[in-house]
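Undergrad: My questions will all concern the structure given below.
The values are calculated or read from the model by the stated rules, or taken from the named source; none is laboratory data. Bear in mind that the values here come from a model prediction, so they are computed numbers and not experimental data. Every residue, glycine among them, receives a Cβ derived from its backbone with ideal geometry; neighbour counts consider all protein chains shown.
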Amino acid sequence: MARSQRTTRLAAALGSALLLLGTATACGDDGDSSKDSAGKDTSAKSGDSAYPVTIPHKYGTTKIDREPKRIVTVGLTDQDAVLALGKVPVGTTEWIGGYPGAVGPWAKDKLGDAKPPTVLKDTGTGPQVEKIAALKPDLIIALYGGLTKEQYGSLSKFAPVIAQPKEYNDYGMPWQELTKRVGVALGKSAEATKVVADVQGKIAAAARPEFKNATALMATPYEGMFVFGSQDPRSRLLTNLGFKLPGGLDKAIGDQFGANISKERTDLLDQSAIVWMVTDVAKESAKLHKDASYGDLKVVKEGREVFVHESSDYGHATSFGTVLSLPYVVERLGPQLAAAVDGKPATKVAQPTAP
């Protein structure tokens, strides 16, 4: 799918009022997501004793009386947390990739012999309530999303709904928190904690000592030069690997997940490494380099650029930023970043072959 189509779909899914990613903690935050904002413990033990559980969210609390059997995920990436904990949703929401069941290759093995979930298309107008109802869910998960109060009310008429938490802005929930919250809902808190720790270990293993003294940025050449802010999952991955984001980044783009910058602010791009999400490396890198405001920067002249094919499995996994996609990403991104910041301009930054 072309970037313009994907970006338009994302903008429609989020809505102009939902493009804020607020004050979520960095990706590496290992805080206890089983406590609400008041500090009340909402965790559940695994097994038959797990229920009932009450989970707080932006619109109140939702009580789950028994283990859910038919789960529908409305959040754009929530299916990965469910799959990671051994459950297969009956319905998922399409975002990017066009994969069967909206399950990416990094998560496909979690399906086992189960039938892929029914995919609910993103129309840009909110959840497809009637189609969700037809799936007869006993739990609806809408964590990585921007569910409105009205949409929450409509969906709650036929199943318990876990909306996005109030302590984070819409689309601002870190993957660790999301996974643990799903663990509570599924009666698998212990498993969720272990899965999160395992993935954090894999990310830590992909980090290099030289990353800690380096700066980095994620960007895409969409309608000019679009940079991702500190609350975007892609930027959180960089900081989790040990990089620092450019000083003044969020001030330059405002309280959004990302924004286009003017040519006067291309100084933000001149970092120890820059990761570009592109659809065509040769064509788009050539176009970028022709622009003197970027092409003359040291990050270009010293070969510290990293390119990721955003329409590949690798690119989709990077955008997802989930408990299942991140190990897939760091396996590829780690070596690229290491080559970019090794201090040797002659070092070529290899581009992973598709997918």
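Undergrad: Which of the residues that make up the range 204-216 are surrounded by fewer than 24 Cβ atoms within 10 Å (Cβ to Cβ) and either touching a Phe, Trp or Tyr at 6+ places or on another chain (Cβ under 6 Å) or under 24 Å from Ser311 (Cβ atoms) (or both)? I'd like the intermediate steps shown before the answer.
TA: Our first condition is that a residue be surrounded by fewer than 24 Cβ atoms within 10 Å (Cβ to Cβ); within the range 204-216, this holds for 204-215.
Hits for the range 204-216 are Ala206, Phe211, Ala214.
Undergrad: Against the conditions (1) touching a Pro at 6+ places or on another chain (Cβ under 6 Å); (2) part of a loop (DSSP other than H, G, I, E, B), where does Thr125 fall short? Just the number, please.
TA: Only one criterion is unmet by Thr125, namely (1).
Undergrad: Residue check: is Gly124 surrounded by fewer than 21 Cβ atoms within 10 Å (Cβ to Cβ), within 22 Å of Ala192 (Cα to Cα), at pLDDT below 95 and out of contact with any strand residue (DSSP E or B) (no Cβ under 7 Å at 6 or more places or on another chain)?
TA: The answer is no for Gly124.
Undergrad: Is it true that some residue in the range 300-315 is more than 23 Å from the chain's Cα centre (by Cα), of a type in the set (A, V, I, L, M, F, W, C) and over 30 Å from Tyr168 (Cβ atoms)?
TA: Residues of the range 300-315 that are more than 23 Å from the chain's Cα centre (by Cα), as a first pass: 300-304.
So of that shortlist, the ones also of a type in the set (A, V, I, L, M, F, W, C) come out as 300.
Imposing the further condition that a residue be over 30 Å from Tyr168 (Cβ atoms) reduces the set to 300.
The answer is yes; a qualifying residue exists.
Undergrad: Does Gly104 meet the test of being without any contact (Cβ under 8 Å) to a residue 40 or more places away in the chain, part of a loop (DSSP other than H, G, I, E, B) and in contact with a helix residue (DSSP H, G or I) (Cβ under 8 Å, 6 or more places away or on another chain)? Can you show your working first?
TA: Working: without any contact (Cβ under 8 Å) to a residue 40 or more places away in the chain: no; part of a loop (DSSP other than H, G, I, E, B): yes; in contact with a helix residue (DSSP H, G or I) (Cβ under 8 Å, 6 or more places away or on another chain): yes.
No, not satisfied.
Undergrad: What's the number of the condition Gly201 fails, among (1) outside any strand (DSSP E or B); (2) touching a helix residue (DSSP H, G or I) at 6+ places or on another chain (Cβ under 9 Å); (3) small (Gly, Ala, Ser)?
TA: So Gly201 meets the others, but not (2).
Undergrad: All but one of (1) of a type outside the set (A, V, I, L, M, F, W, C); (2) without any contact (Cβ under 8 Å) to a residue 24 or more places away in the chain; (3) surrounded by 17 or more Cβ atoms within 10 Å (Cβ to Cβ) hold for Lys290; state the number of the condition that does not hold.
TA: (3)
Undergrad: Need the failing condition index for Trp106 against (1) hydrophobic (A, V, I, L, M, F, W, C); (2) within 28 Å of Asn240 (Cβ to Cβ); (3) at pLDDT 95 or above; (4) out of contact with any Pro (no Cβ under 9 Å at 6 or more places or on another chain), just the number.
TA: Among (1) hydrophobic (A, V, I, L, M, F, W, C); (2) within 28 Å of Asn240 (Cβ to Cβ); (3) at pLDDT 95 or above; (4) out of contact with any Pro (no Cβ under 9 Å at 6 or more places or on another chain), Trp106 violates only (4).
Undergrad: Turning to a different aspect of this structure: Wholly within the range 213-324, which helices (runs of 4 or more DSSP H) include no fewer than the required count, namely at least 1 residues that are over 30 Å from Leu83 (Cα atoms)?
TA: Those helices (runs of 4 or more DSSP H) span 249-253, 281-290, 292-295, 298-301.
Undergrad: Tell me whether the range 293-306 contains one or more residues that are within 26 Å of Trp95 (Cα to Cα) and at pLDDT 95 or above.
TA: Within the range 293-306, one or more residues are within 26 Å of Trp95 (Cα to Cα) and at pLDDT 95 or above.
Undergrad: Quick one: in the range 145-180, which of the residues that are charged (D, E, K, R) and in a loop (DSSP other than H, G, I, E, B) is surrounded by the fewest Cβ atoms within 10 Å (Cβ to Cβ)? Explain how you work it out, then say what you get.
TA: As a first pass, look at the range 145-180 and keep what is charged (D, E, K, R): 149-150, 157, 166-167, 170, 177, 180.
Still in the list and also in a loop (DSSP other than H, G, I, E, B): 157, 166-167, 170.
Working: Lys157: 9, Lys166: 13, Glu167: 20, Asp170: 21.
Applying the filter and picking the extreme gives Lys157.
Undergrad: Name, by its number, the condition in (1) touching a residue at least 24 places away in the same chain (Cβ under 8 Å); (2) not in a strand (DSSP E or B) that does not hold for Lys194.
TA: (1)
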